[in-house]
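Report on the following structure.
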Amino acid sequence: MSVRPEPLGMPLDFSTKVKGRRGKPPQHFADLNADGVVEVLTELNQPRYRAAQIATHYFSRFSASPAEMTDLPTALRDQLTERIFPTLMKASRVLSADDGTTVKTLWHLFDQARVESVLMRYPNRTTLCISSQAGCGMACPFCATGQLGLTRNLSVAEIVEQVRAAARSLADGEIPGGPTNLNNIVFMGMGEPLANYRAIMGTVRALVTPAPWGMGMSARNITVSTVGLVPAMRKLADEGIPVTLALSLHAPDDDLRSELVPINTRWSVNEALDAARHYFDVTGRRVSIEYALIKDMNDHAWRADLLGRKLNARGRGWVHVNPIPLNPTPGSIWTASEPEVEREFVARLRAHGIPTTIRDTRGSDIDGACGQLAAVEEEQPA
Ligand code: SF4
């Protein structure tokens, strides 16, 4: 059966800490390309034009329930439910903050693996933060997800379903402010997106492909983050889909970065920054550098200066820095920098001419940092 075209086969399994292998999720409509859906319809003795009808329901009306596809014959709806619309995920907890404009959902997948997504509505835009893996194998010590280890990669459909569910909830007016569209997607939930390269690219394609076979989003409104998997960053540059790339740096020097982001022992700060600059050269998209400000750990003024120098050494106008006050994991020694230290850090970067914006920390009162909710559930199984 045809599936979404996959990028070429370089080994992209960067998992370093796998907690347990689980089965593959059942095949879903969102795993298939147009040919694959036509193939299913042919098996069911249905005309091929039904494929576009189904795609319109899924990608434009955000329906994953054949029962709602009332322009299809009743018998077909039942067959589709069984064949390509299994329930891939169920919301096990939904928490909201910011007067209901930030909604965090903990999803249970078919094998009880858990992932999270966070929907944020601002006055002029909406953003969804999605997970690409259940858990994460990168083992960053300050991160709740990193403490869970990697359970497994998500399938394309398990990632796309997070987006569809959020788009549906916005279209249905479930978030205060009236019905609206989903504008931005950030791959900054659980997992290292580039360690699940094929699935995130399949997802990106589904998001940017115009209707009826995709959601027709702009690539520039999709942000893919990475801790610096250099070969995958370079491969992403060549995809011809200029998503925004966000490099989670967190330290400008190898000594500290290897402690905060252990994959740094494989690809150094300089290698990651060179790959980020390469991404800008190929795509013309300014790269974001994410920097979690951790008290007395990486928030020193000299580190801001070192970062500014390393970025400027690679040219001007190619990068933007987003310091983000760390959202502490309960019981952790890692905590956010003091406000005046944060201000000084930002001022130093700006003095080097680096555009710098503090990233907002929506949802911090609902365990907003990636993996915190799943970590709590891990301790207290539902
Ligand atoms: S910070 Fe990101 S890459 Fe590191 S462990 Fe957490 S989810 Fe994984």
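The values are calculated or read from the model by the stated rules, or taken from the named source; none is laboratory data. This one's a predicted model, so the numbers in the text were calculated from it and none came from an experiment. So basically every Cβ, Gly included, is an ideal-geometry build from the backbone, and we count neighbours across all protein chains shown.
For the reader, a short list of remarks on this structure follows.
- Note on segment 263-288: residues that are more than 22 Å from V186 (Cα to Cα) and not small (G, A, S) amount to 8.
- Pairs, first assigned by TED's automatic domain parsing to the domain that holds L293 and assigned to a loop (DSSP other than H, G, I, E, B) in segment 312-327, second at pLDDT below 95 and of a type in the set (S, T, N, Q), C-beta under 8 Å, six or more apart: L326/T335; L326/S337; N327/T361; N327/S364; N327/Q372
- Output for segment 112-156, where each listed residue is more than 14 Å from the ligand (Cβ to nearest atom) and closer than 22 Å to I324 by Cα: L119, M120, R121, Y122, P123, N124, R125, T126, T127, L128
- Taking the criterion of being within 15 Å of the ligand (Cβ to nearest atom) and either among the β-branched types (V, I, T) or within 26 Å of T209 (Cα to Cα) (or both), the residues of segment 230-263 that qualify are V230, A232, M233, L245, A246, L247, V261, I263.
- The single residue among A55, A134 that is in a strand (DSSP E or B), surrounded by 17 or more Cβ atoms within 10 Å (Cβ to Cβ) and touching a Gly at 6+ places or on another chain (Cβ under 9 Å) turns out to be A134.
- Subset of segment 157-202 that is away from the ligand (no atom under 15 Å from the Cβ) and part of a strand (DSSP E or B) - its residue that is surrounded by the fewest Cβ atoms within 10 Å (Cβ to Cβ): N184
- Residue match in segment 209-229 (condition: touching a residue at least 24 places away in the same chain (Cβ under 8 Å), under 30 Å from F345 (Cα atoms) and among the small types (G, A, S)): yes
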